[in-house]
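Peer 1: First the structure, then my questions, so here it is.
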Amino acid sequence: MKFKETAEDLAVKDRLWDATERELEHFARLYADGHVVGEPYSDAQKDATSAAKRKGYPKGLVRDLGAVVRKGEWGGAGLRLRASYRARLGI
């Protein structure tokens, strides 16, 4: 049986996603800031992905979002990545 989501349910999902998105942006910016020219994967980037992994976020997503931040495309390509992740989570 499929339950109908109430307005309260949707509000909770939206608040949860807002918090998740802020956290993802934080980790993505840490990853982008840790970029060192000439190094494929710096220690700062490893620290950022490890911290994100401990919180339950996929390392690949953080790396992809970090690359998007470095390119300045948080609204374009970053939005598509975040929307895809949100759909996978079901929120």
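Peer 1: Can you tell me the accessible area per residue over the chain, all protein chains present, probe 1.4 angstrom, in square angstrom? All intermediate terms of the calculation are to be shown ahead of the outcome.
Peer 2: Numbers: 6130 Å² over 91 residues.
Dividing the accessible area of the chain by its residue count gives 67 Å².
Peer 1: By the scheme Lys and Arg +1, Asp and Glu -1, what is the net charge of all other residues having a beta-carbon under 10 Å from that of Gly34? Before the final figure, lay out each step's value.
Peer 2: Numbers: positive: Arg29, Lys46; negative: Asp33, Glu39, Asp43, Asp47.
Neighbourhood net charge equals -2.
Peer 1: Apply the Karplus parameterisation 6.51 cos²θ - 1.76 cosθ + 1.60, with θ equal to phi minus 60°, to every residue of the range 35-46 and state each ³J(HN,Hα) to the nearest whole Hz, in sequence, with x for glycine and proline.
Peer 2: So the Karplus estimates, Gly and Pro as x, are 5, 10, 4, x, 10, x, 7, 7, 4, 5, 5, 4 Hz.
Peer 1: A further question follows. Lys and Arg at +1, Asp and Glu at -1: add these up for the other residues within a Cβ distance under 12 Å of Arg15 and post the number. Mind dumping the intermediate values first?
Peer 2: On the way: positive: Lys13, Arg22; negative: Glu8, Asp9, Asp14, Asp18, Glu21.
Taking every other residue near Arg15 into account, the sum is -3.
Peer 1: For the chain, which whole-number percentage of the solvent-accessible area (1.4 Å probe, protein heavy atoms only) is attributable to carbon and sulfur atoms? Walk me through the intermediate numbers first.
Peer 2: Working: 3290 of 6130 Å².
The computed percentage sits at 54.
Peer 1: When ranked by the protection proxy of mean other Cβ atoms within 10 Å per residue, highest first, what sequence do the peptides 2-11, 29-38, 58-67, 16-25 form? Don't jump to the answer; show the numbers that get you there.
Peer 2: On the way: 2-11: 8.1, 29-38: 15.3, 58-67: 18.5, 16-25: 13.8.
Most protected by this proxy first, the peptides run 58-67, 29-38, 16-25, 2-11.
Peer 1: Can you return the lysines within cross-link range of Lys59? Criterion is Cα-Cα under 18 Å, with same-chain partners fewer than 8 residues away left out.
Peer 2: In chain and number order, the partners are Lys46.
The values are calculated or read from the model by the stated rules, or taken from the named source; none is laboratory data. As the structure is a computational prediction, the values presented were derived from the model and not from experiment. Virtual Cβ from ideal backbone geometry, glycine too; neighbours counted across all protein chains shown. Calculation scope for accessible area: heavy atoms of the full protein, side chains included, ligands and nucleic acids excluded. Shrake-Rupley method; radii C 1.70, N 1.55, O 1.52, S 1.80 Å.
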